[in-house]
Amino acid sequence: MAQKIYLRAGLILLLSWIAVYALAQEKNLAELPRKGSYLYYPQPAFEDNSFLIEEAFNQQMGILQHIFTFSWDRINTNNLTYSFTQEIPLTDLNHQLSYTFAYTQAKNSAGKTMAGFGDTYVSYRPLVWGEKDWAMVIPRFTLILPTGSAIEGLGGGAMGGQFNLAVTKRLSRNIVTHYNGGFTYFYRADHYRESNAQKVLSSEQNLFHKNLGASVIWYPTRRLNLMLEYVSNFISNIEDGDFISHAHQKIINPGIRYCFDNGRMQIVPGIGAPLHFDNDGVDVGIFLYLSFEPDYLPFYKTKMQ
């Protein structure tokens, strides 16, 4: 009798061990990157440093990203834009907050040069699909604060919102593609017109813009990226007759970026030459980029493996 009890107990323990082992193996297999996913290939040296196209990467916990850009939209004009963006992880990779300030110098329709800060963008990005999925997907929800002067043409003069969907798909060890689609909405944007040498508020109207874009990035080395971006913007403007006009802006931007990394900070400079296509032909601009990613946690993990 005792031998039967021992045999049954041993059999139960063996079956339990087999079941636990099978569950553990199934869990380990589920945690492996899917075929064709971002991590199915070797990890690049750096991520989340693009110019005109948004990439589907959030920051790691404890690592803030500081981004400075300079844009000269057309070499034959004095239209310049400087911007600063800070990306702040709320949790590791899954939730991220950011804000953007911009300073613009441009000529208005009367030929007068205007300069000042524009509207402020505050954004939230939740991770939907990550690096182990077939493609990475991150939507962005942005609140636009009317901090720019609408009279000077530096802001919309109204609250606004923006949505953008970023999709990242890695095609091979050295090729990564990114895709964007979204829209921007301003509620009762201000429009001023000249009257007796003064600017007066002539109308307040809702404005709706759309954007599409894609990019391909080639990694000839782990630290060097060659980039080609395409952006298509569908823009609405309030004209002096208080009617809304529509324009289609197309930009192709070849660029290059490089990563310097000492284990505690990544520094990524980059440069692009955006080609602006419109009814008048093609204009060439300059885009300069500089990103700092310091690790603020005292217990840091070196990024370069």
Among the residues of region 253-276, the number that are in a loop (DSSP other than H, G, I, E, B) and either at pLDDT 90 or above or of a type in the set (D, E, K, R) (or both) is 4
When region 156-173 is checked residue by residue, the ones that are surrounded by 19 or more Cβ atoms within 10 Å (Cβ to Cβ), under 27 Å from Gly36 (Cβ atoms) and among the small types (Gly, Ala, Ser) are Ala166
Exercise for review: Say whether the condition of being part of a strand (DSSP E or B), under 17 Å from Glu55 (Cβ atoms) and in contact (Cβ under 8 Å) with a residue 12 or more places away in the chain is met by at least one residue in region 277-289.
Suggested key: yes
Residues of region 239-269 being among the hydrophobic types (A, V, I, L, M, F, W, C) and within 19 Å of Gln162 (Cα to Cα), in sequence order, are Ala247
So, first residue under 14 Å from Tyr99 (Cα atoms) in region 152-163, second residue outside any loop (DSSP other than H, G, I, E, B) and among the hydrophobic types (A, V, I, L, M, F, W, C), Cβ within less than 7 Å, six or more apart or across chains; the pairs are Gly161/Leu143; Gly161/Ile144; Gln162/Ile144
Restricted to region 180-201 and to residues being buried (at least 16 other Cβ atoms within 10 Å of the Cβ) and of a type in the set (Gly, Ala, Ser), the residue nearest to Gly156 (Cα to Cα) is Ala189
In the set Thr81, Thr147, Thr104, the lone residue that is buried (at least 17 other Cβ atoms within 10 Å of the Cβ), farther than 19 Å from Ile63 by Cβ and among the polar types (S, T, N, Q) is Thr104
Per the filter on region 30-66, residues part of a loop (DSSP other than H, G, I, E, B), more than 16 Å from Val176 (Cβ to Cβ) and of a type in the set (A, V, I, L, M) are Leu32, Met61, Leu64
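The values are calculated or read from the model by the stated rules, or taken from the named source; none is laboratory data. Bear in mind the structure is a predicted one, so any value in this text is a computation, not a measurement. A quick note on method: Cβ atoms are made from the backbone with ideal geometry, for glycine too, and the neighbour counts reach across all protein chains shown.
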